[in-house]
Amino acid sequence: MIICPWCGTTYLDFQSNCKNCGGPLPAIAETAAPSVSTESLPTPPPAPRPISDKYIWRLLLTDGWAIFASVFVLLGVIFGMVGAGLTIGIITAFVGIPILLLGIAFLGAGVGVIIWRYQGAQKVVNVLRDGEATHGQVVEVQEDYSVSIDGRHPWGIRYQFQAGGQDHEGKVTTLNQPGSQLQVGKAICVLYLSTDAKWSSIYPHP
């Protein structure tokens with residue numbers, strides 16, 4: 001059995017990429033190896049790693065900003081359609097125009113935030129593809145009750161690591177409840193961009 005290190009999907013036969021998230025699957029030789037010590041950290045495959053672009057959407061589905069922005073986009077579409085319909089009628093134009101403008105404002109704000117978060121998710125995918133590996137430590141694990149996705153609340157995992165002789169901090173969000181290996185104080189493997197260490201992620205991505 002092969003388990004995707006990025007999303008946990010299991011496969012009976014080997015394939016190069018996970019069909020669920022697009023992440024690369026470990027080679028058969030790696031999965032067949034004896035279990036390592038609990039003190040050992042997973043080693044990422046050499047860069048560039050074959051991470052699918054569709055993995056961006058999985059990241060956005062657990063991003064609180066992107067979720068709120070989607071609500072704004074939906075409200076913008078609804079208000080825009082209602083406002084446009086009312087504006088067409090001369091008698092109700094004075095009511096329709098403000099509603100239409102409100103819809104445009106909602107839509108513009110929502111699309112702007114989604115583009116911003118999409119660009120951030122693209123950076124994370126770049127980290128998973130080409131990032132350099134180092135050791136880090138989990139410093140905070142917190143469930144975000146302000147956001148609910150299919151009855152689940154996303155978890156924020158904050159971590160620290162060193163790169164280029166400096167201390168850095170990062171955070172990943174996941175809908176999966178962190179296991180024992182992602183508790184406060186635990187050592188983890190961190191991937192980061194050598195050109196800009198502020199962009200980083202935990203390996204394997206939770």
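Points to keep in mind about this one:
- Count, lysine Cα pairs under 18 Å in the chain, 8 or more residues apart or across chains: 6
- Which of Ile56, Ile67 has the fewest Cβ neighbours within 10 Å, and the rest in rising order: Ile67, Ile56
- Nearest 10 degrees, 0 to 90: helix 93-130 Cα axis against the chain principal axis: 10 degrees
- Relative pair counts by distance (%), Cα atoms of the chain, 10 Å bins: 8, 27, 31, 16, 9, 6, 2, 0
- The angle separating the long axis of helix 64-88 from the principal Cα axis of greatest extent in the chain is about 20 degrees.
- Computed from the alpha carbon atoms alone, the convex hull of the range 60-124 holds 55 Å³ per residue.
- 222 nm mean residue ellipticity, helices alone, for the chain (DSSP H n ≥ 4; -39,500 (n - 2.57); rounded to 500): -12000 deg cm²/dmol
Every number in this text was worked out from the coordinates using simple rules, so none of it is lab data. From a predicted model like this one, the values you see are computed outputs, not experimental measurements. Reconstructed Cβ throughout: ideal geometry from the backbone, glycine too, with neighbour counts over all protein chains shown.
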